[in-house]
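Okay, structure first, notes after.
No lab work stands behind these numbers, since they all come straight from the coordinates. Source: prediction; values computed, not measured. Here the Cβ positions follow ideal geometry from the backbone for every residue, glycine too, while neighbour counts run over all protein chains shown.
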Amino acid sequence: MLDVGEDLRMSLRLVEERKARGWSQAELARRARLVAPVLSTIESRRLRPYPTQLRRLARALQWPLEQAERLLDDAESAIRS
């Protein structure tokens, strides 16, 4: 399950990766097929992303498969509990 620290690390990683590419929230949202307000709430930790959203973000950011899978496993466990 994603704890507060993991939630924070994931949010910070999303923001860091997005900014490193010079993308706005709108651009990352477009690439991940999300709406910008949803991405904003994920980045600000007001919303825990669903596995589908994480998968789309990981694909858009070209994260290594093992990293994306670990985040997805954590998110799916959090949803079930």
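Sequentially through region 51-58, phi angles give Karplus couplings (6.51, -1.76, 1.60; θ = phi - 60°) of x, 4, 5, 4, 4, 5, 5, 4 Hz, Gly and Pro residues having no value and appearing as x.
How do the peptides 10-22, 52-64 rank, highest first, by the average count of neighbouring beta carbon atoms within 10 Å per residue? Present the calculation step by step, with values, prior to reporting the outcome.
Working: 10-22: 14.8, 52-64: 17.2.
Ranking the peptides 10-22, 52-64 by packing returns 52-64, 10-22.
Would you calculate the separation in nanometres between label points at Arg70 and Thr52, each defined as 7 Å from the Cα along the Cα-to-beta-carbon direction? Once both label points are built, they end up 2.6 nm from each other. Near Glu27, within a Cβ-to-Cβ distance under 10 Å, what is the net charge of the other residues, with Lys and Arg +1 and Asp and Glu -1? So the environment of Glu27 carries a net charge of +4.
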